[in-house]
């Protein structure tokens with residue numbers, strides 16, 4: 001299985017991974033909203049920074065789950 005297939009499998013079968021993926025998408029949507037604003041203030045810029053950090057942390061958690069899945073299923 002390649003990584004795309006693993007992500008698909010985990011999205012359908014792993015509650016934690018699915019929750020993280022949904023959160024990641026939610027943060028991405030909010031970032032897009034912020035980028036579409038014609039005039040962004042300091043609060044918007046601060047929110048953008050926080051969202052990017054949270055999004056990255058979630059991506060790291062998702063990658064750990066993917067790695068764990070790959071390890072468990074290649075050593076069998």
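Some notes on this structure:
- Taken together, 72, 23 contain a single residue that is more than 17 Å from the chain's Cα centre (by Cα) and either modelled with pLDDT of 95 or more or exposed (fewer than 12 other Cβ atoms within 10 Å of the Cβ) (or both), which is 72.
- Residue in the range 53-60 that is under 26 Å from residue 73 (Cβ atoms), touching a residue at least 12 places away in the same chain (Cβ under 8 Å) and part of a helix (DSSP H, G or I) present: yes
- Qualifying residue in the range 20-32 (condition: out of contact with any helix residue (DSSP H, G or I) (no Cβ under 6 Å at 6 or more places or on another chain), outside any helix (DSSP H, G or I) and closer than 20 Å to residue 66 by Cβ): no
- All positions within the range 1-18 that are exposed (fewer than 13 other Cβ atoms within 10 Å of the Cβ) and without any contact (Cβ under 8 Å) to a residue 24 or more places away in the chain: 2, 4, 5, 8, 12, 13, 15
The values are calculated or read from the model by the stated rules, or taken from the named source; none is laboratory data. All figures in this text were calculated on a predicted structure; none of them were measured in a lab. Reconstructed Cβ throughout: ideal geometry from the backbone, glycine too, with neighbour counts over all protein chains shown.
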